[in-house]
């Protein structure tokens, strides 16, 4: 069985880009070095993705999205580009360097997710996320800082109890 991906002829891929099964990369998209794109991900046209970014399976990234370096986007996350569908005017989402987007998060068109911030799984982001903050909920609200998140992750990885 042959595995099929679609990469537009005018898409520009950096060095060591890995694209898993049945993924789509649209026209005029530019992807940096060392990027991983999971199975069934859809990266639409005119998207920019910085080096070192990891995009899990089933993610949808619409036209005009701008994603920084070393970003993680979890499974089935959805970025949008039309705040009033189906309008004729679109605006992209911006995700700045070192941000983390959890599984099944939804990010509204025009939103900026700040540098080093975290969007929790299942969050619905309707407003800009400040740099270095963690947002969660529906609609997403600031819950704590990235420093607290990193401490919780370190405790989790070491097997220590983690408070929620």
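Tabulated results
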item	result
Top-ranked residue in the stretch 77-86 [being outside any strand (DSSP E or B) and buried (at least 18 other Cβ atoms within 10 Å of the Cβ); ranked as nearest to the chain's Cα centre (by Cα)]	77
Subset of the stretch 30-43 [over 13 Å from the mean Cα position of the chain (by Cα) and either in a loop (DSSP other than H, G, I, E, B) or closer than 14 Å to residue 101 by Cβ (or both)]	32, 33, 34, 39, 40
Failed condition for residue 127, given (1) out of contact with any strand residue (DSSP E or B) (no Cβ under 6 Å at 6 or more places or on another chain); (2) modelled with pLDDT of 95 or more; (3) surrounded by 15 or more Cβ atoms within 10 Å (Cβ to Cβ)	(3)
Test for residue 92: is it touching a residue at least 12 places away in the same chain (Cβ under 8 Å), closer than 22 Å to residue 150 by Cβ, touching a strand residue (DSSP E or B) at 6+ places or on another chain (Cβ under 9 Å) and part of a loop (DSSP other than H, G, I, E, B)	no
Selected residue [part of a loop (DSSP other than H, G, I, E, B), touching a helix residue (DSSP H, G or I) at 6+ places or on another chain (Cβ under 8 Å) and at pLDDT 95 or above] from 122, 116, 110	116
Count of the stretch 30-43 residues which are within 13 Å of residue 78 (Cβ to Cβ) and surrounded by 21 or more Cβ atoms within 10 Å (Cβ to Cβ)	2
Filtered residues of the stretch 1-29 (kept if assigned to a strand (DSSP E or B) and surrounded by fewer than 15 Cβ atoms within 10 Å (Cβ to Cβ))	6, 12, 18
Selection within the stretch 130-164 - surrounded by 16 or more Cβ atoms within 10 Å (Cβ to Cβ) and closer than 17 Å to residue 78 by Cβ	135, 136, 140
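The values are calculated or read from the model by the stated rules, or taken from the named source; none is laboratory data. Because the structure is predicted, anything quoted here is derived from the model rather than measured. Ideal geometry is used to build each Cβ from the backbone, glycine not excepted, and the neighbour counts take in all protein chains shown.
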